[in-house]
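Student: First the structure, which I've put down as structure tokens, then a few questions once you've had a look.
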Amino acid sequence: MRKLAVVHHRHAEWVPTIAEAEPRLLVRGWHPKDNPGALTDPWIADAEGLFVWRVPTGLVERMPKLTWIQNAGAGVDHLLADPSIPPRIAITRADGQFGLWMSRYVAAHLLAETQRIDECRRAQHDRTWDSHLVPEDLTGKTALIFGFGRIGRRIGRALRELGMEVHGFVRSVREDPEFPLHGPASLHEFLPSARVLVLCAPLTAETRGFVDAKLLANGHAGLTLINVARGEQVVAKDLLAALETGKLGRAVLDVFPSEPLPADSPLWSHPRIVVTPHHSGPSRPRAMILDILPNLRRFAEGKPVEGAVDRARGY
Ligand code: GLV
């Protein structure tokens, strides 16, 4: 039986979930911050598969038989940036369930704004019946979704259900039966008439720093930016400047270049920025196992895994 090492802070949950889903594997778990001795266990050295989020230093070098890394999440930027992982090792992602969660996140934050929930609560606190607190109508307003894979599409569908006109932005433009798709270079043309820009693309050389002063110069005070992708896609100082100069109305940020967001970051206290703790796509073993199961089966049967990340593309 092939061995799959689970090195994850929630290994106690993941190991039984994986073992139950694919009983033809030997599965054992460690915490990535286990004492350094624990990760030199000969069992790990013999494993051909690794389920991991952040790879502890030196771990891959100690796994000469390793052929497959299953990432415990959607984004693989941290794994692709890790020089200890040789290109021969197949890396697969797990994102299937995040689209649903992230569409709830995006809808919740957008609707909180357009239904004026904070203002209603303030008026309630003051016992004021304010009939001017009319919700904003999203019908026909434009939502731009930067990154239109499974997650982006799910968010697009949710926003369309709210009455919005949805446009997706993808690296390779293709005909789509459901939504108009465009290349990233044309995003600036859509910004002047957009109500919301949602970032849900992988972090790659092309997307790093994509939302900068140049792009935001096309924005306006009625535009909301929602970032559920990676913090590095937004130039924070340009975002703050855009909020001051009326090139952006509001920002909802779930991801940051450094997490937890440092206590001295100006993002914490800005009145038109919402900061959340990278919780828009919670990784729940029970839900994510559905994504991973087909490759667990292939791995158990000695077959190559499918859907490996294209390293040149970056996702
Ligand atoms: C979380 O950010 C993930 O990429 O899964």
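Student: Arranged by the count of other C-beta atoms within 10 angstrom, fewest first, what order do Asp77, Asp176, Asp264 take?
Tutor: In order of increasing Cβ crowding within 10 Å: Asp264, Asp176, Asp77.
Student: Filter the trypsin sites (Lys or Arg not before Pro) in the stretch 119-204 down to the DSSP loop ones having no more than 11 other Cβ atoms within 10 Å, then list what survives.
Tutor: Here the sparse-neighbourhood loop sites are Arg127, Arg174.
Student: Using the Karplus curve 6.51 cos²θ - 1.76 cosθ + 1.60 with θ = phi - 60°, work out ³J(HN,Hα) for each residue of the stretch 128-143 in order, rounded to whole Hz, and write x for Gly and Pro.
Tutor: 10, 8, 9, 6, 7, 7, 8, x, 7, 8, 8, 4, x, 7, 9, 10
Student: Between beta-carbons, use under 15 Å as the cut-off and find the net charge around Leu59, counting Lys and Arg +1, Asp and Glu -1.
Tutor: 0
Student: Residue by residue through the stretch 252-269, which ³J(HN,Hα) values in whole Hz follow from phi under the Karplus form 6.51 cos²θ - 1.76 cosθ + 1.60 (θ = phi - 60°), with glycine and proline marked x?
Tutor: With the stated coefficients, the stretch 252-269 comes to 10, 10, 9, 9, 9, x, 10, 10, x, 4, x, 4, 8, 5, x, 5, 4, 9 Hz.
Student: Arrange Trp53, Trp268 by Cβ neighbour counts within 10 Å, fewest through most, would you?
Tutor: Lowest count first: Trp268, Trp53.
Student: Explain nothing, just the number: dipole magnitude of the stretch 36-132 about its Cα centre with +1 on each Lys and Arg Cβ and -1 on each Asp and Glu Cβ, in debye rounded to the nearest 20.
Tutor: Magnitude of the dipole: close to 100 debye.
Student: Order of Arg230, Arg10 from fewest to most other C-beta atoms within 10 Å?
Tutor: By the 10 Å Cβ count, ascending: Arg10, Arg230.
Student: Where the centroid of each part is defined by its Cα atoms, how far is the stretch 100-131 from the stretch 38-57 in Å?
Tutor: 46
Student: Right, here's the next one. Rounded to two decimal places and with Rh computed the Kirkwood way over Cα pairs, what is Rg over Rh for the stretch 42-146?
Tutor: 1.31
Student: Still on this structure, please answer the following. What are the trypsin sites (Lys or Arg not before Pro) within the stretch 67-109 that DSSP puts in a loop, where the Cβ has at most 10 other Cβ atoms within 10 Å?
Tutor: Arg88
Student: How many angstrom lie between the Cα centre of the stretch 1-29 and the Cα centre of the stretch 152-190?
Tutor: Computed from Cα coordinates, the inter-centre distance equals 38 Å.
Student: Going 7 Å from the Cα of Arg122 along its beta-carbon direction, which residues of the stretch 207-236 have the amide nitrogen within less than 15 Å of the resulting point?
Tutor: Answer for this model: none.
Student: If amide H atoms are built 1.01 Å from N in the plane of the peptide, which residues on other chains or at least 5 residues away come under 5 Å of the amide H of Phe256?
Tutor: Counting only residues 5 or more places away or on other chains, the set is Gly231.
Student: Along the stretch 51-62, what does the Karplus equation 6.51 cos²θ - 1.76 cosθ + 1.60 (θ = phi - 60°) give for ³J(HN,Hα), rounded to whole Hz, x for Gly and Pro?
Tutor: The phi angles translate into 9, 7, 10, 8, 7, x, 3, x, 5, 5, 4, 8 Hz.
Student: Net charge around Gly314, counting only other residues with Cβ within less than 12 Å of its Cβ (Lys, Arg = +1; Asp, Glu = -1)?
Tutor: Within the 12 Å Cβ shell, the charges total +3.
Student: Rounded to the nearest 0.05, what FRET efficiency do Glu189 and Glu20 have when you use their Cβ-Cβ distance and R0 = 41 Å?
Tutor: 0.25
Student: From the square roots a ≥ b ≥ c of the eigenvalues of the alpha-carbon gyration tensor of the stretch 168-283, which class results: rounded (a/c under 1.5), prolate (a/b over b/c), or oblate?
Tutor: Since a/c reaches 1.5 but b/c is at least a/b, the shape of the stretch 168-283 is classed as oblate.
Student: Relative contact order, percent, of the stretch 1-90 when contacts are C-alpha pairs under 8 Å separated by at least 6 residues?
Tutor: Taking the mean separation of contacting Cα pairs over the length of the stretch 1-90, I get 28 percent.
Student: Note the direction-averaged projected area, equal to a quarter of the hull surface, for the Cα convex hull of the chain, in nm².
Tutor: 18.5
Student: Okay, moving on. Can you list the residues, at least 5 places off or on another chain, whose amide H is less than 5 Å from the amide H of Gly73, using H built in the peptide plane?
Tutor: Close amide H contacts, sequence-distant or interchain: Ala94.
Read-outs throughout are calculated quantities, based only on the coordinates presented, and are distinct from any laboratory measurement. In this text the structure is predicted, and so the values were computed from the model without any measurement. Please note: Cβ atoms are built from the backbone with ideal geometry, for glycine as well, and neighbour counts cover all protein chains shown.
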